[in-house]
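As structure tokens, the structure follows; a few thoughts come after it.
Read-outs throughout are calculated quantities, based only on the coordinates presented, and are distinct from any laboratory measurement. Note that the coordinates shown come from a computational prediction; the quantities given were computed from them, not determined experimentally. Cβ placement follows ideal geometry from the backbone for every residue including glycine, while neighbour counts extend to all protein chains displayed.
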Amino acid sequence: MYGHRARIGYTSPPATTEVFPYEFYKIVPEGVTLVITTLAIMKLTSSEVDQSYEISLRAAEQMAETKIDLMIFGGVPINVSRGISNVDSLIAETEQKIGVPVTTSLSAQMNGLNALGAKKVGIIHPFADGTSQDKMHFDCLEHYGFELTAIKGAGRPAVELGLIPSSTPLEIARSLKSQHPEIDTISFPCPHWAVSELIDPLQKELGVNVVTALQTIVWEALRRCGIKDQINGFGRLLKEC
């Protein structure tokens with residue numbers, strides 16, 4: 001079978017998921033496959049988030065029946081919709097219910113930052129500045145002991161994630177580091193726009209650690225499934241940790 005090393009279950013927030021599976025298969029080694037359920041996010045409204053949370057719980061049970069090796073709840077807004085402090089309970093309760101190891105996008109990203117020794121983090125997301133996204137990311141980093149040094153959005157709606165050229169996050173990263181030279185890590189917390197191929201170039205150019213949501217999700221999934229392959233071309237996390 002294709003997933004003879006690991007079969008990774010993932011609930012993907014966008015109702016029309018495009019970028020995540022494309023970049024996932026560019027990174028993972030042969031023998032690792034993605035088992036995916038798409039959720040209900042189109043405009044990132046609170047009702048879509050609530051609906052997606054419920055779909056995620058049902059999907060976890062369905063994926064467990066297919067004998068996946070790991071279940072990942074995607075979407076930080078969905079992960080924390082019942083409170084950041086409840087994420088660990090969500091993981092534990094789901095694991096007990098479905099009998100499969102469980103993690104979340106939030107857990108993967110925070111674990112990735114910790115593995116790289118991040119302290120002062122600059123965040124770049126695809127959405128508008130000054131929205132609930134900014135506060136959510138601040139709260140998450142603070143909860144896990146990191147400092148949010150700067151945050152910048154690309155000003156795009158959720159339905160346009162697949163249309164954003166990689167030059168956009170590249171230019172924002174350069175600007176953010178120039179304005180905030182104290183940043184030691186740049187994080188791209190949305191895994192649904194084209195940023196994976198920017199990781200290595202930005203690390204070399206800016207002299208910082210670079211993490212993306214998809215990169216950390218892949219890293220967490222592989223390591224949780226006992227796959228220790230050193231993967232080049234997508235940052236220090238997958239190469240060294």
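Neighbours of Ala115 by Cβ distance under 15 Å: Lys/Arg scored +1, Asp/Glu scored -1, total +3. Put the Cα centre of segment 16-89 next to the Cα centre of segment 176-220 and the gap is 21 Å.
Stretched out straight at 0.36 nm per residue, the stretch from Glu147 to Met42 would grow longer than its current Cα-Cα span by 34.8 nm.
When the pairs Lys135/Lys204; Lys43/Lys152; Lys120/Lys239; Lys135/Lys228; Lys43/Lys119 are compared against a 24 Å limit on Cα-Cα distance, Lys135/Lys204; Lys135/Lys228; Lys43/Lys119 fall above it. Computed from label points 7 Å out along Cα-Cβ, the spacing between Gln203 and Gln62 is 3.6 nm. Taking every C-alpha pair closer than 8 Å and separated by at least 6 residues, the mean separation divided by the residue count of the chain gives a relative contact order of 20 percent. Rounded to the nearest 20, the size of the Cβ-charge dipole of the chain about its Cα centre is 340 debye, with Lys and Arg at +1 and Asp and Glu at -1. Electrostatic tally near Ile55: other residues with Cβ closer than 12 Å to its Cβ, Lys and Arg +1, Asp and Glu -1, net -3. Taking percent of Cα pairs over 31 Å apart as calculated from this structure, the corresponding entry among (i) 16; (ii) 19; (iii) 42 is (i).
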